[in-house]
Amino acid sequence: APARDGGHAITGYRVWQQGGAEADWILAIGDSGSNGTSLVVPRLVGNSAYSFRVAGINSLGVGEQSSPSAIARTLPVPPYKPLPPNITSTAASSAELEWEAPDDGGREITMYFIEQEIGNGTFSTVAETSGLICSLAGLSGSTAYRVRVVAVNAIGSSLASDAAEFLTLPPLEPQPPADVLVAHGAPYLATVSWSPPADDGGRPVVAYAVSFVASGRSLEEVSMVGAEKQIVEISGLLGATTYEFQAAALNEVGTSIAATCVSSTPPSVVPAAPGIPTVGGLSQHSAALAWEDPMHDGGSPLLGFRIWARSEGSWSMVAELLGGSWNSTVIENLQGDTDHRFKVLAFNRVGAGPFSGVSLVARTWEVPPFAPSGVTASQVWQHEVVLSWEAPARDGGHAITGYRVWQQGGAEADWILAIGDSGSNGTSLVVPRLVGNSAYSFRVAGINSLGVGEQSSPSAIARTLPVPPYKPLPPNITSTAASSAELEWEAPDDGGREITMYFIEQEIGNGTFSTVAETSGLICSLAGLSGSTAYRVRVVAVNAIGSSLASDAAEFLTLPPLEPQPPADVLVAHGAPYLATVSWSPPADDGGRPVVAYAVSFVASGRSLEEVSMVGAEKQIVEISGLLGATTYEFQAAALNEVGTSIAATCVSSTPPSVVPAAPGIPTVGGLSQHSAALAWEDPMHDGGSPLLGFRIWARSEGSWSMVAELLGGSWNSTVIENLQGDTDHRFKVLAFNRVGAGPFSGVSLVARTWEVPPFAPSGVTASQVWQHEVVLSWEAPARDGG
């Protein structure tokens, strides 16, 4: 019974229920007619969860409702009747069904039976499943079917669902074969296999067609095989080639779409050996060769042949043929008066195949002397060297009468004649007229009555002694401004000693130049120039030996004065959510006139640009206040000179997160009634830098504090608190919140007491005995009768 009867004797109880088919609370018993604390609640739905509330009745009316009882569930029943199944897809010989699980009546559904009409409204089970989908197979094409579903649990079977109707499709061509796979036993062979199609289209598969295609080639059909065979071997493929293999299924209706598998044959192999070369057409330094093609190209087109020769030493490659005439060539640069043997190999993109057999011996004719050896520059000065060498191993059959010398280096990239004929068989001489600090190499050839012999290998590099740097090229003017210019140049030949300095000379009038800058690098900035003025500059290089000739002069014209470049290194620091310190460095270029001031501004998304301050050129820092917390701003700084204002340099930065708002004013209470009180309060001193989202009102009567209301928008400073306990002292406090969180509480209001009321709520409402369609309900009387 209620703790208090509100000052008047309880004459009965009213009962509400929630559950069964009702989501809302509905009246179950209007008046029990006695102050007894238990009764039977009838007409409940089986296997349904119910909760109950009770209120006492006295002469003042119906009292406060109790808290809801614990959930009570009525006993289980068979599953409810399912909805008709959905036909999700149909084919010529099959159909896919799905359905929603009905209420299980309190016991898990363990099975569904799918029934098919077999004539005159009679249904027969054709499938069963524990899930919510089913495939029906073995159907006839172009036929109407009716099916329904029955659900089963441990209590029994549901009513059958209403029937769903569908019509199967006419027979059609099969689906593509499945699981097409390709295996390669050799570069030229593929084994293609597959599985029957998942759906034969309502008619048996009678054959399979297999084909293949390589990129840029025509589709080739290999074979047509019977339905009992799912494998085919394909030969005659190219090695290391990607093919698309296709397999299609056929029935009496037609041919399926082809299923494909892309596969690459194994790499090709090297070609076989060519035929043994034959030798003819001999001369002093050449021999004509011919040979037969290899037996096969290894599955990859031949790229060419390589010819190897051997005379007195080991084998070496003397020629490589790429395309052109494939089976013959003339080998040049052979050693004269010498026995030679030859062999040939073919190669494709895989690599080189084996050598052919070795040719018969072929001897070249008598020749001028063989090449001298050991050519050495033994003494080196600034402009000449002493050259020595070893005489040729063989004179080609005629006495040597002199030597010819070639040189490469200095100002010449090619080999040029240095000495035409030494006039004796001596093996040393002086080579004159060389360029200082230059690398030279030399070759020597003997001379006999047949002519000039083979040249020696080049000597080791010999460098003549150092000289001053060479004359530089004119400098490049890479950029100009109103008061400056940027120069760069290429380092000249250093003459054999490292260049340690460059002098930049500027014309001061009448072709006279004066040094205005020096640097060890290859670039230089000239500053302090006058605007709109023509200049001529040149470069001199210096090493330990001396100074180079001055380069030719480069000419340029400075630009007129203009506005400065933007300030550099704009940075923003935040000491608080509302404060930003903006700093910067002077611009890299003041435009030819001094910077006189800086303009600083900022803008947030969706707002207007705000100029904060104009500061003198000596200052590169500004503090900005009044910002919003947790807001992204673009800060801008621009430099000003007498010509104009620079483009603004920017920095995007976000203020620190906002904080919670301050406490509202202490709430005042008025407009009391049995279950409500009107409150009003003042706004907090600040919103924490983030707009207020609302207020939360907390109340305390006999227990602890609890939140009784939350205001979101609308009237911000007052509200009426409903559902208060009647005949009770109440205190209130308020807090404000923004997107950061809740701020501190206000002070506590004065005590306010609600008016006298009907009895307080009974407690401990319990459904103690439960049957299929009724329960026995009991409770404790209200703690207070409401006065």
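The values are calculated or read from the model by the stated rules, or taken from the named source; none is laboratory data. What you are looking at is a predicted structure, and each value in this text was computed from that prediction instead of being measured. Cβ: placed from backbone, ideal geometry, glycine included. Neighbour counts: every protein chain shown. Heads up: the accessible areas ignore ligands, DNA and RNA and are worked out on the full protein's heavy atoms, side chains in. Shrake-Rupley method; radii C 1.70, N 1.55, O 1.52, S 1.80 Å.
Numbers for the structure displayed
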| quantity | calculated |
| --- | --- |
| Separation between Cα centres of the range 520-537 and the range 372-408, rounded to whole Å | 53 Å |
| Dipole of the chain [Lys/Arg +1, Asp/Glu -1 at C-beta], most positive-end residue of 317, 748, 685 | 748 |
| Cα principal axis extents for the range 455-609, largest first, Å | 84, 47, 28 |
| Per residue Cα convex hull volume in Å³ - calculated over the range 259-344 | 111 Å³ |
| 10 Å binning of all Cα-Cα separations within the range 706-787, expressed as whole percents from 0 upward | 13, 29, 24, 20, 12, 2 |
| Neighbourhood charge, 11 Å Cβ-Cβ cut-off, centred on residue 343 and excluding it, Lys, Arg +1 and Asp, Glu -1 | +3 |
| Principal semi-axes in Å for the range 391-522 [√(5λ), Cα gyration tensor, largest first] | 50, 13, 12 |
| Residue-normalised accessible area of the range 213-348, given per residue in Å² at a 1.4 Å probe | 50 Å² |
| Portion, in percent, of the accessible area of the range 489-542 that falls on carbon or sulfur, probe 1.4 Å | 44 percent |
| Cα-based equivalent ellipsoid of the range 26-66: semi-axis lengths in Å, sorted from largest, via gyration tensor | 23, 11, 8 |
| Cα-derived Rg over Rh, computed across the range 1-156 with Rh taken as Kirkwood radius | 1.28 |
| Structure-derived semi-axes √(5λ) of the Cα gyration tensor in Å: which label, when the choices are (i) 99, 63, 19; (ii) 87, 29, 24; (iii) 54, 33, 23 | (i) |
| The range 664-787 - percent of accessible surface contributed by carbon and sulfur, probe 1.4 Å | 52 percent |
| Global size of the range 66-117 as Cα Rg and Dmax, reported in angstrom | 17.5, 63 |
| Per residue, in Å², the accessible surface of the range 594-705 once ligands and nucleic acids are set aside, probe 1.4 Å | 50 Å² |
| Whole-percent carbon and sulfur share, accessible surface of the range 549-595, 1.4 Å | 59 percent |
| Computed label-point distance, nm, for sites residue 517 and residue 157 using a 7 Å Cα→Cβ extension | 10.3 nm |
| The range 366-449, accessible area per residue, ligands and nucleic acids excluded (1.4 Å, Å²) | 45 Å² |
